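Please treat every number below as a calculation from the coordinates, not as lab data. These numbers come from a predicted model, not from an experiment. Counting neighbours? That spans all protein chains shown, and the Cβs are built from the backbone with ideal geometry, glycine included.
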Amino acid sequence: YYGRVAAPLYATHSEFLVQQADAGAAAAGGGGGLMGAMGAAFQDAIAVQSYLESREALQRLDADHGFRAHFSSPEIDPLNRLGPDATDADVYKRYEKSVRIGFDPTEGLLRMEVIAADPQASATFARALLSYAEERLEGMTRRLRDDQMSGARQSYEAAEARVRAAQE
């Protein structure tokens, strides 16, 4: 089978590190701040891994770059090809076999391997998934920043009201 029927598959390997934007500020505050930043980066990395392994990421990759169409191509051998009547569950199973993501907590790295039937598709899928991860992290950071600003405004307004009340 492997010598005559199997189509060659190509893999793109990527590694990326999820860091907290304010890790330097946390480190300046002492060891506890650094541990908090490391914990937050760990949580962010797990959230990114979870997203990249999700059906949502697959749907976006398919819409943007034709994941289903790529693996439905007649050039792909029958064991790796999606049939014409492939369900969404079938496509997701193929995605799980083609996109492997692991988190190494000792190094803080997310490692990703993307397998496709040609090297360009593999690289395209990998670049797209990396960009989705960046967007996800940016959104999480933006929400955190907005929440922190909202809390700071509320604290300021409460303190300002106490000062005014004390002056009256």
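Applying 1/(1 + (r/R0)^6) with R0 = 41 Å to the Cβ-Cβ distance of Ile46 and Gln167 gives a FRET efficiency near 0.25.
On full extension, the segment bounded by Leu9 and Phe103 gains 31.5 nm, given 0.36 nm per residue less the C-alpha separation. Once both labels are positioned 7 Å from their Cα atoms along Cα-to-Cβ, the gap between Ser155 and Leu79 label points is 5.9 nm.
Ranked by the mean number of other Cβ atoms within 10 Å of their residues, highest first, the peptides 158-167, 81-90, 51-60 come out as 51-60, 81-90, 158-167. The gain in end-to-end length when the Ala123 to Asp64 segment is fully stretched comes to 19.9 nm, 0.36 nm per residue minus the alpha carbon separation. Applied to the stretch 87-94, the Karplus parametrisation 6.51 cos²θ - 1.76 cosθ + 1.60 on θ = phi - 60° returns per-residue 3J(HN,Hα) values of 7, 4, 5, 5, 5, 5, 4, 5 Hz, with x for Gly and Pro. Counting Lys and Arg as +1 and Asp and Glu as -1 over every other residue whose Cβ lies under 14 Å from the Cβ of Ala63, the net charge comes to -1.
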